[in-house]
Amino acid sequence: MPDSTVLVLGSDPPPKLDRLTGRARVVTAEPATLAALLPTADVLLAWDFTSDAIRDAWPVRGPRPGWVHTASAGVDRLLCPALVADDTVVTNARGVFEQPIAEYVAGLVLAMAKDFHGSWERQRRRHWEHRDTRRLAGTHAVVVGSGPIGRAVGTTLKALGVTVELVGRRERTGDPQFGTVRAAEALRPLLGGADWVVCAAPLTDATRGLFGPEAFAAMRPGCRFVNVGRGPLVDEDALVAALRSGRLAGAALDVFQQEPLPPDSPLWQTPGLFVSPHMSGDTLGWREVLAAQFEENFDRWAAGEPLHNVVDKRLGYVPVR
């Protein structure tokens, strides 16, 4: 008989956890039933990583899972004071989304530099208009977030001939790919020299609202902005104002303060803004990869071995070693 219980905060389609058959009892919870089931679980898999239910239902006292794994890179949707304070281990999906997101960002940067949207609009109108586009090689990007996603974004842009400044929480020298990783305090002056600003930072108390009126004002005219981190990192009203004023030449958002984005949001109709529905890391087969990653970590948990991708709950991410 299985001697442990894995509770899955579910969404469609559910994860395929064949390797757990006979080893663990797998129980599915919905947000409404999560609080009642948490005390019965040894492990919690946050398969529905868009839900705030864990943060709302986590018990302040009494039995609770000893390990929580989220099928996402960010952990902001589940961390709450009680979970941060107790000894439950939290792991994330580091290693799954980095390169797909980097490819997505590179696609956005190329599309904006080459004005693919303008070509499509002219094709739709059957209007032939020759024009010059921008050469990407030799431009300069500031990538905010020095974790695996930010590093993958920076490496991919460098392969296209873009020079890259990487910004993290603190300064680090001697980085084999980027030389010096700049500290967060150095961000503001760096923005004035950027052709591209890419936000790939985790959402923490320190980064919430990082890109607001002052940050957009610090960017030089013609800069373009991309956010693949978390929606609350950006003051969306300030971004709209920067685009409408013409200070920013373009922007792309894959994450938003409210998801799904409401139909009446002004973001849908903001000139120069590309909107995508939080899909930059989702490629064919991604759910199977996430399930396999959890199964491999479950093998380690069952054997009493250290888990991969352990989050520092007070920092809100997996520290870079």
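Every read-out reported here was derived from the displayed coordinates using simple, explicitly stated rules and does not represent laboratory data. This one's a predicted model, so the numbers in the text were calculated from it and none came from an experiment. We place every Cβ from the backbone using ideal geometry, glycine too, and count neighbours over all the protein chains shown.
Annotation: amide H-H contacts under 5 Å for Leu7 (H modelled 1.01 Å from N, sequence separation of 5 or more, or interchain): Val27, Asp42, Val43, Leu44, Leu45.
Specify the residue with the greatest mean-square fluctuation among Gly246, Gly229, Gly147, computed from a Gaussian network of the chain linking alpha-carbon atoms under 10 Å apart. Comparing Gly246, Gly229, Gly147 in a Gaussian network model of the chain, the most mobile one is Gly246. Dividing the summed -39500 (n - 2.57) terms of all DSSP H runs of n ≥ 4 by the residue count of the chain sets its mean residue ellipticity at 222 nm at -8000 deg cm²/dmol. Here the relative contact order of the stretch 98-275, from alpha carbon pairs under 8 Å that lie six or more residues apart, stands at 16 percent. Volume per residue of the convex hull around the Cα atoms, evaluated for the stretch 91-184, comes out as 116 Å³. The alpha carbons of the stretch 241-313 give a radius of gyration and a Dmax of 19.4, 58 Å, in that order.
Mind running the shape call on the chain? Use the C-alpha gyration tensor, a ≥ b ≥ c as the square roots of the eigenvalues: rounded below 1.5 for a/c, prolate if a/b tops b/c, oblate otherwise. Prolate is the answer for the chain, as a/c is 1.5 or above and a/b outweighs b/c.
Packing around the peptides 271-280, 190-199, taken as the average count of other Cβ atoms within 10 Å per residue, puts them in this order, highest first: 190-199, 271-280.
Classify the stretch 98-275 as rounded, prolate or oblate, taking a ≥ b ≥ c as the square roots of the eigenvalues of its Cα gyration tensor: rounded when a/c is under 1.5, otherwise prolate if a/b is larger than b/c and oblate if not. Verdict is oblate for the stretch 98-275.
Volume per residue of the convex hull around the Cα atoms, evaluated for the stretch 1-113, comes out as 129 Å³. Taking square-rooted eigenvalues a ≥ b ≥ c of the alpha carbon gyration tensor, is the stretch 78-120 rounded, prolate or oblate, where a/c under 1.5 means rounded and, failing that, a/b exceeding b/c means prolate? Prolate.
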